[in-house]
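Right, one structure below, let's go through it.
The values are calculated or read from the model by the stated rules, or taken from the named source; none is laboratory data. Note that the structure is predicted; figures quoted are calculated from it, not measured. Cβ: placed from backbone, ideal geometry, glycine included. Neighbour counts: every protein chain shown.
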Amino acid sequence: MVETLKYLSLRNRLSNRLLLLTIGFVMLAEVLIYVPSIANFRHTWLKERLGAAQIAILAIEAAPDYMVGEKLSWQLLDSAGVLAIVRKKDDNRELVLGTDKPLDVEARYDIRSTDWWDLVVDAFGTMIHQHPNSRLIEVTGYTSDVSMDFLQIIFEEEHLCHAMFNYSRNVLLVSIIISLMTAVLVYVTLSRLLVRPVQKITDSMIAFREAPEDTRRQIVPEDRQDEIGVVMQELSVMQDEVRRALNQKTHLANLGVAVSKINHDLRNILASAQLVSDHLTTLKDPTVQKLTPRFVSAIDRAIRLCENTLQYGRAEVEKPRLETVPLKPLIDDMAISLGCPEDGPVRIVNNLPANLTAAADPDQLFRVFLNLGRNAVQAMEHVRLNKGELTITGRPEDASGTIIEFCDNGPGIPARIQESLFHPFHGSSNGGAGLGLAIAREIIEAHGGHITLTDSGPEGTCFRIELPAA
């Protein structure tokens, strides 16, 4: 767990990412707020200058004969923060205050009718043109005096830029303070509600991976009804189930080793018993002759059980080596291996077409046929049928592959074991180990095919094998 936690660098931790994202989102929100606010600040500032210019005009109008001295004139202009004031009244445009020298006005703005986009563009244009030199601008707008058509002021744009930058600095400081306070509050809240539980889940998963058998490392769910609480509860259940499954597999593995050793020794003992049973068949005693076949049959079944158990536990199904296999000769070889003569109580009928082939591993496919044939023959011999018959048919299934069917007229498979028919050690009804069908299914599925029980009853049993095309 220490190595895994070291892998999580400081900048990659969920809590740190959450803090940085919170600060970033708050600053982004402040930027989105700043853009219209700086435009509104500039518009308000210009309206204030127009209001101050109107007050200066009122001061002039209060003077006798509208005459003021040069000193007072400059004081009025300085208090209004402008260089010249022009008004239009009664269709007359006149210079109220200002110098007689011509002024080099570089930009003109009319704030009487502007939309929000023009205000934003003009605001950032003002801030951009602050350097390197200040310029004179003319602003036209309305006043509270309804007798005036409009009022114009001319002033140095540097004063407006200075005010706008002071406002921007204050907004930036307030934004930083708000973002830090918000980030801390959000971080503390989400850390308690989200980050800490996620860290707890992560630590539990890492600890469980290192030692799943240690019950102390199982997560203890918190008493909460949200998604995190559900995750904790499900993780606890999953860890408990995995722990039980691992313990069960460990016990089964140990049991398998013990069974393999016992089977190996038991097989040697049964081999010695088989030699003795072979010698008993040569004795002429009637009692011995009567009991020996049963004794020999029991020993043979025990030996087959040991061999099948060892074979199933020792090896997995190898990857099939596909080739085009003629099926009819393969069934003939199976019949010879099972030792079923034509005049015996059980016979094998090979009805496969001579040209029927399949894409398969011949050795593995023969093993499947042999398991199915042996099961059918033993089932029919078990009930002592005088005319037992195993019929093998097959046909090509268009371009999808080949179908092969094994049908017998035996007693059928009991319904209680049909559901577990292809499970090892569960699917036998004639005293076998129940491994033949399990092995057959593994081989057929390794070929990409399917084996199914299509019918079973008092009139017989039928298995179907579906092999895909090459």
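Can residue 123 be described as at pLDDT 75 or above, touching a strand residue (DSSP E or B) at 6+ places or on another chain (Cβ under 7 Å) and on the phi < 0 side of the Ramachandran plot? No; evaluated as a whole, the condition is false for this residue. The residues of region 211-220 that are over 23 Å from the mean Cα position of the chain (by Cα) and in contact (Cβ under 8 Å) with a residue 12 or more places away in the chain, listed by number, are 212, 213, 215, 217, 218, 220.
The criterion of at least 1 residues that are under 37 Å from the mean Cα position of the chain (by Cα) and either at pLDDT 80 or above or surrounded by 19 or more Cβ atoms within 10 Å (Cβ to Cβ) (or both) is met, among strands (runs of 3 or more DSSP E) falling completely within region 364-470, by 401-408, 450-457, 460-468.
Counting only residues that are part of a loop (DSSP other than H, G, I, E, B) and under 54 Å from the mean Cα position of the chain (by Cα), region 318-356 holds 11 of them. In this entry, residue 217 passes the filter for residues that are touching a Phe, Trp or Tyr at 6+ places or on another chain (Cβ under 8 Å) and of a type in the set (Lys, Arg).
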